[in-house]
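Since every read-out is calculated from the coordinates, none of them should be taken as a lab result. Quantities reported herein were computed from a predicted structural model and do not represent experimental measurements.
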Amino acid sequence: MDDSNIAFNDGVSFIENNLSGLVTITNNSLTNAFYQGIDIFNWAGTLDDLVITNNTITSSTSTDALKGGGIRIIVRGADLTKATIDNNTVTNFPSGVGFQVQAGDAFGWL
């Protein structure tokens, strides 16, 4: 899907499970992604514990070069049991947001 520094976002079907279990993304310096700094999109499975901490995520300041945001988590038809998003520094992203979390069932947003 979107080109991102860290991307688990393959597929757009109702069965795609990009990640499961414990996921830890910690102590990274992520710069100049075309879309998201961190992008997780799950249609199936369970993220038991998602930890995103102590990362520095920056983008270009040009609105022509960037279309996304710092951290995007979408679980649609999947489960997210627990998440910790803490102590991240997200700067710039003039066309997007610092972080975005969306959840819902596979056929519509809750």
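In the set (1) 26, 17, 15; (2) 24, 19, 12; (3) 23, 16, 11, the label that goes with semi-axes √(5λ) of the Cα gyration tensor in Å computed for this structure is (3). Amide H to amide H distances under 5 Å link Thr46 with Gly21, Asp79, where only residues 5 or more positions off or on other chains count and H is placed in the peptide plane. Over the chain, Cα pairs under 8 Å with separation of 6+ residues give a relative contact order of 26 percent. Stretching Asn27 away from Ser95 to a fully extended chain increases their span by 22.0 nm, per 0.36 nm per residue minus the current alpha-carbon distance. Each residue of region 25-38 was assigned a 3J(HN,Hα) from its phi angle through the Karplus expression (A = 6.51, B = -1.76, C = 1.60, θ = phi - 60°), giving 10, 9, 6, 10, 10, 10, 10, 6, 5, 6, 10, 7, x, 10 Hz with x at Gly and Pro.
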